[in-house]
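Contents: one structure, followed by commentary.
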Amino acid sequence: MSTTADRIADLAARRAEVVEIAEKRAVDRQHAKGKLTARERIELLLDPGSFTELDEFARHRCTDFGMADNRPYGDGVVTGYGTVDGRQVCVFAQDFTTLGGSMGEAFGLKVLKVMDLALSIGCPVIGINDSGGARIQEGVVSLAHYAELGMRNVRASGVIPQISLLMGPCAGGAVYSPAITDFTVMVDGTSYMFVTGPEVVSAVTGEQTTLDELGGPAVNSEVSGNAHYVGHDEQDAVGWVQTLLGYLPSNNLDPAPVYAAPHGPEPTERDLRLDSLIPDAENQGYDVTEAIRAVVDDGDYLEVQPEYARNIITALGRVDGHSVGVVANNPLVNAGALDIACSEKAARFVRFCDAFNIPLITFADVPGYLPGVAQERNGIVRHGAKLIYAYAEATVPKITVVLRKAYGGGYAVMGSKHLGADVNLAWPTAEIAVMGAVGAVQILHRKALQGAEDRQALAARLVDEYQRTFSNPYAAAERGYVDRVIQPARTRLEVSTALRLLRNKRTVVPTRKHGNIPL
Ligand code: HXC
């Protein structure tokens, strides 16, 4: 009969074997590709010494393909829990060094278990992806577990933050789990994500392409918008996720962490600079991040999808130590006009903030929706509607500041009072109108202009008249569509006062199963 000491020694030996086997495989192949191992990645992400591993003795269950005698521990994934900056998170890291990190039965059960745990205790789950996808030897069992994973992702959506780090291949149906999660972060040079790889594309369509062209980080972050950030290396990607977690609550019922408010009410240099931010020339761009920096604590914010649809900026920051989501038209890219890509980008961000009770601050300077055949054919009607839907649906405190243009549909969608914004502010430079002065004068006074002796002088006079009558914030303020017209330098103070006012906001929404956002 074995003694207690024997049993403890046996456990230690088994543990040593798990680690030894993993390390032997890992160091050679993984590091040579410029990638860390699953355990090294977890160590990088979590507070030192905080990781508790689950199911370390789980083993591959397949007896075919000669694997019965060589069943690696862990089964291609390391799962467990730990802390980031002292806050609880659950984590799984696919281990490419074991069967290519492919999903088999034991692997699947481990991941589902840690996700169920995260959901039951209400903490974020971070999945580190580096995998050959469905384990070929385990056939439908593997596919079943991918589908179960999708089921968990959907159940957890809007309840706990879900973050995917892509640190190697992610292909086939395996891409859909990260795609459902709230944030997807890639790594330059080592990660890629696509439904079918270059060889399949070539066989099916005849197109010749490369891994990078199809699904490298640049394509995913700039063109398709699948990735929210690209780290220049694994450490940078992990650092972004750690910073992100600092802005987020652990779940939809808990508040986000609160930090000390760094500024008092007296205007800062940054505040004062806002008085001269808007150029005199109506079509000249300016850096709207100056306005964002003036309002958020320490001028510090984390931009989400910085390389995608740059005509709109989405970012997380803090005001008086409390997390906020920022949506801002960017006049430096396509004059800040709304198109398909930026409508989707902003709509998803607004919905994320709403799900996790993060108040929204909108900075509007928008000439309207982008005209064009391509936009219409590709569905600007449907996709643009997503942004209206998201703003209208959001019940978190919503504060809007109109900096300059708020024309046409752009006025309505960018956090207008009519879509439920709580506090609407406008700078004196705001132009809230159906369209810009020049366009409006051409339409309203075409005949008069055609018959005018001095056409230019008449046009200039009419534009001036239009601007005084329509292109200002006062018509909207008369009707209460704008609550206050403010000096730009007071924006931080006004926003922070409004956020304090709205801290206990309550909204009653009609009972229903769910709405039907135009997907
Ligand atoms: C079993 C796999 C595997 C897989 C890789 N391996 N993918 N084992 N099932 N899906 C194993 C390899 O046999 C190899 O084992 C080891 O992992 C490393 O793989 P390599 O090919 O040597 O690595 P590399 O050259 O870096 O190439 C990586 C790769 C390639 C591009 C990912 O392995 C590959 O194309 N794999 C298949 C990808 C795929 O089509 N998966 C199915 C997607 S469909 P040894 O023993 O030599 O170390 C899918 C459906 C999901 O996932 C359904 C959701 C509903």
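The values are calculated or read from the model by the stated rules, or taken from the named source; none is laboratory data. For clarity, every value in this text was computed on a predicted model and none was experimentally measured. Cβ coordinates were reconstructed from backbone atoms using ideal geometry, including for glycine residues, and neighbour counts include every protein chain displayed. The area values use the complete protein model at the heavy-atom level, side chains included, leaving out ligands, DNA and RNA. Shrake-Rupley method; radii C 1.70, N 1.55, O 1.52, S 1.80 Å.
Worth a mention:
- Residue that is of a type in the set (D, E, K, R) and farther than 17 Å from Tyr229 by Cα, where the choices are Glu266, Glu303, Glu344, Glu307: Glu266
- Positions within segment 424-445 being open to solvent by 70 Å² or more (accessible area, probe 1.4 Å) and either in contact with a helix residue (DSSP H, G or I) (Cβ under 7 Å, 6 or more places away or on another chain) or farther than 24 Å from Arg479 by Cβ (or both), in sequence order: Val434, Val438, Gln442
- Residue in segment 78-85 that is open to solvent by 30 Å² or more (accessible area, probe 1.4 Å), aromatic (Phe, Trp, Tyr) and away from the ligand (no atom under 15 Å from the Cβ) present: yes
- Considering residues of segment 93-104 that are of a type outside the set (Ser, Thr, Tyr) and at pLDDT below 95 only, the residue nearest to the ligand (Cβ to nearest atom): Gly100
- Extreme residue, nearest to the ligand (Cβ to nearest atom), among residues of segment 123-142 that are open to solvent by less than 10 Å² (accessible area, probe 1.4 Å) and more than 19 Å from Glu53 (Cβ to Cβ): Gly133
- Selection from segment 479-519 of residues that are surrounded by 10 or more Cβ atoms within 10 Å (Cβ to Cβ) and polar (S, T, N, Q): Gln487, Thr491, Ser496, Thr497, Thr507
- Within segment 401-429, considering residues that are among the hydroxyl-bearing types (Ser, Thr, Tyr) and part of a loop (DSSP other than H, G, I, E, B), the one nearest to Asp339 (Cα to Cα): Ser416
- Residue list for segment 352-361, filter: assigned to a helix (DSSP H, G or I) and closer than 22 Å to Val295 by Cα: Phe352, Cys353, Asp354
The rows are residues; the columns are (1) more than 16 Å from the ligand (Cβ to nearest atom); (2) modelled with pLDDT under 85; (3) in contact with a strand residue (DSSP E or B) (Cβ under 8 Å, 6 or more places away or on another chain).
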site: Asp10; (1), (2), (3): yes, no, no
site: Ala16; (1), (2), (3): yes, yes, no
site: Leu36; (1), (2), (3): no, no, no
site: Glu43; (1), (2), (3): yes, no, no
site: His60; (1), (2), (3): no, yes, no
site: Tyr73; (1), (2), (3): no, yes, yes
site: Val91; (1), (2), (3): yes, no, yes
site: Ala106; (1), (2), (3): no, no, yes
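- Within segment 430-519, helices (runs of 4 or more DSSP H) holding 2 or more residues that are closer than 28 Å to Gly368 by Cβ, modelled with pLDDT under 95 and of a type in the set (Val, Ile, Thr): 437-444, 455-469
- A single entry from Gly515, Gly408 fulfils the requirement of being more than 27 Å from Ala335 (Cβ to Cβ) and in contact (Cβ under 8 Å) with a residue 40 or more places away in the chain: Gly515.
- Strands (runs of 3 or more DSSP E) (entirely within segment 276-340) containing at least 1 residues that are at positive phi: none
- Taking segment 346-375 as the range and being touching a Leu at 6+ places or on another chain (Cβ under 9 Å), open to solvent by less than 10 Å² (accessible area, probe 1.4 Å) and not hydrophobic (A, V, I, L, M, F, W, C) as the test, the residues that pass are Asp365, Gly368.
- Some residue of segment 459-480 being over 17 Å from Asp354 (Cβ atoms), among the β-branched types (Val, Ile, Thr) and more than 36 Å from the chain's Cα centre (by Cα): yes
- Test: residue in segment 242-262 that is modelled with pLDDT of 95 or more, open to solvent by less than 20 Å² (accessible area, probe 1.4 Å), more than 16 Å from the ligand (Cβ to nearest atom) and under 22 Å from Lys33 (Cα atoms): no
- Where a residue in segment 170-188 is within 12 Å of the ligand (Cβ to nearest atom) and its partner, wherever it lies, is open to solvent by 20 Å² or more (accessible area, probe 1.4 Å) and of a type in the set (Val, Ile, Thr), with Cβ under 8 Å and at least six apart: Ala171/Val195; Ala171/Thr196; Gly172/Val195; Gly172/Thr196; Gly173/Val195; Val175/Val195; Ile180/Val154
- Apart from one condition, Phe183 fits all of (1) more than 22 Å from Arg87 (Cβ to Cβ); (2) open to solvent by less than 20 Å² (accessible area, probe 1.4 Å); the exception is (1).
- Looking across segment 446-478 at every residue that is touching a residue at least 40 places away in the same chain (Cβ under 8 Å) and touching a helix residue (DSSP H, G or I) at 6+ places or on another chain (Cβ under 9 Å), the one that is surrounded by the fewest Cβ atoms within 10 Å (Cβ to Cβ) is identified as Ala475.
- Residue satisfying condition, being near the ligand (Cβ under 9 Å from one of its atoms) and within 29 Å of Glu43 (Cβ to Cβ), within set Leu112, Leu149: Leu149
- Residues of segment 141-176 that turn out to be at pLDDT 95 or above and of a type in the set (Val, Ile, Thr), as a count: 4
- On the stretch given as segment 152-169, residues that are within 9 Å of the ligand (Cβ to nearest atom) and in contact with a Pro (Cβ under 8 Å, 6 or more places away or on another chain) total 0.
- Flag for Leu117 being within 27 Å of the chain's Cα centre (by Cα), open to solvent by 10 Å² or more (accessible area, probe 1.4 Å) and either more than 13 Å from the ligand (Cβ to nearest atom) or under 14 Å from Gln162 (Cβ atoms) (or both): yes
- Every residue from segment 191-237 that is more than 25 Å from Ala309 (Cβ to Cβ), modelled with pLDDT of 95 or more and open to solvent by less than 40 Å² (accessible area, probe 1.4 Å): Glu234
- Test: residue in segment 322-333 that is under 20 Å from Ser221 (Cβ atoms), open to solvent by 30 Å² or more (accessible area, probe 1.4 Å) and touching a strand residue (DSSP E or B) at 6+ places or on another chain (Cβ under 8 Å): no
- Residues in segment 143-163 that are open to solvent by less than 10 Å² (accessible area, probe 1.4 Å) and of a type in the set (Gly, Ala, Ser): Ala156 only.
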